[in-house]
1. Where the second residue is modelled with pLDDT of 90 or more and not in a loop (DSSP other than H, G, I, E, B) and the first is within 14 Å of LEU232 (Cα to Cα) and open to solvent by 30 Å² or more (accessible area, probe 1.4 Å) and lies in segment 256-277, which pairs have Cβ atoms under 6 Å and are six or more apart or on separate chains?
2. Please go through segment 211-253 and pick out each residue that is free of Cβ contacts under 8 Å to residues at least 40 places away in the same chain and among the hydroxyl-bearing types (Ser, Thr, Tyr).
3. Return the residue satisfying two criteria in turn: it lies in segment 285-317 and is charged (D, E, K, R) and assigned to a loop (DSSP other than H, G, I, E, B), and of such residues it is modelled with the highest pLDDT.
4. Among GLN282, GLN255, which is of a type outside the set (Lys, Arg), at pLDDT 95 or above and more than 18 Å from HIS80 (Cβ to Cβ)?
5. Might you let me know whether segment 188-204 holds any residue that is open to solvent by less than 60 Å² (accessible area, probe 1.4 Å), within 22 Å of the chain's Cα centre (by Cα) and at pLDDT below 90?
6. Grab the helices (runs of 4 or more DSSP H) fully contained in segment 44-142, keeping just those with 2 or more residues being open to solvent by 60 Å² or more (accessible area, probe 1.4 Å) and modelled with pLDDT under 95.
7. Would you point out the residue of segment 223-252, among those that are under 19 Å from VAL204 (Cα atoms) and not in a helix (DSSP H, G or I), that is modelled with the lowest pLDDT?
Amino acid sequence: MARLDVMCISDIKLRNEIERVGLFSIEKILLMGNQELMEIGNFSNNDINTLKNIAAKSILPQGFRNVLSVENQLKKKVKHISLDCPLIDQILGGGLPCRGITELSGESGAGKTQFCLQFSITVQYPSEYGGLGRSAVYICTEDKFPSTRLHQLLKSFPREEAAKSSIGTYQFSDNIYVDHIANADALKQCLYHRLPQMLKRIRVGIIIIDSIAAVFRGDYNINESIVRAKDLRDIGLQLHKLSRYFGAAILCVNQVTDALDTGKTLPCLGLAWANLVTTKLQVRLSPCRERTFHIISSPNLPSASIPYKITTSGIVT
């Protein structure tokens, strides 16, 4: 995390209080609310405004820059998790981004859970092999965790060069933490309470929800659309907060539905959820059972697609 330079603060009292409570993380300063900051230190509203302004200016470069320099800075800032599938990693700009919420939508049988399982393994790779050297959290909302398929995949991971390294004998299953959630209230309880406490103790690189649609398609009646939209917004904002604060990738599986007017396949949950998503990915299954991976939208990547297959050893192109 970026560290605040306290020597640029002219107010001696404020500087001493920052040092007393150890508040040096720029990310923490910008993400915490005024009340949270007042609870950990003797800060007034003016102190907090000063502190946040200094923190913001320290990470926002001044002056004009060309597009190439902006893109290069973004690449350095945003970490990625390799899928250990070179062609898919390539169109993703290095892998799954550790920024905001990534949605992976698709019909049943297209391979959504396969991607989730593979990322829960590769996130544990060291950085030189495209991982983060961190654990995975896997939240199941529809079925029980597919442990049989996971152990089948583990026979083939790590692949190629990574298998020759020290992680060749690594016990990946020991670092995948699973929870089963039945409804939206239970998911909120997990994301707001249990998960943040866990993330303070364990270095987690990816949080997977398989699937986000399941907890919202059956818990609300036709008269509860406003409540449903609010719950979606609360969960989405909390996921963004967890991603920023702990530097973890967020991967949410979504189901799809056919639009009546266009016939196109669209992710479920509508605009209330779509406006919270940072990167939209989709897997499609043709009538002849051919699978295709698509980048639908991304802040820094063009739309792209590539065919892939699911084998006993994982996803291949």
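1. Every condition considered, the pairs that remain are ALA272/LEU232.
2. TYR220, SER225
3. GLU290
4. GLN282
5. Scanning segment 188-204, I find no residue that is open to solvent by less than 60 Å² (accessible area, probe 1.4 Å), within 22 Å of the chain's Cα centre (by Cα) and at pLDDT below 90, so the answer is no.
6. Filter on segment 44-142 gives 45-59, 67-77.
7. Per the stated criteria, the residue is GLY247.
Every residue, every condition in (1) among the hydroxyl-bearing types (Ser, Thr, Tyr); (2) within 26 Å of PRO158 (Cα to Cα), yes or no:
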| residue | (1), (2) |
| --- | --- |
| THR278 | yes, no |
| ARG284 | no, no |
| ARG291 | no, yes |
| ILE295 | no, yes |
| SER298 | yes, no |
| SER305 | yes, yes |
| TYR308 | yes, yes |
| THR312 | yes, yes |
| ILE315 | no, yes |
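The values are calculated or read from the model by the stated rules, or taken from the named source; none is laboratory data. Values in this document were obtained by computation on a predicted structure and should not be read as measured data. FYI the Cβ positions are ideal-geometry reconstructions off the backbone, even for glycines, and counts take in every protein chain you see. Just so you know, the surface numbers come from the protein's heavy atoms only, side chains and all, with ligands and any DNA or RNA stripped out. Shrake-Rupley method; radii C 1.70, N 1.55, O 1.52, S 1.80 Å.
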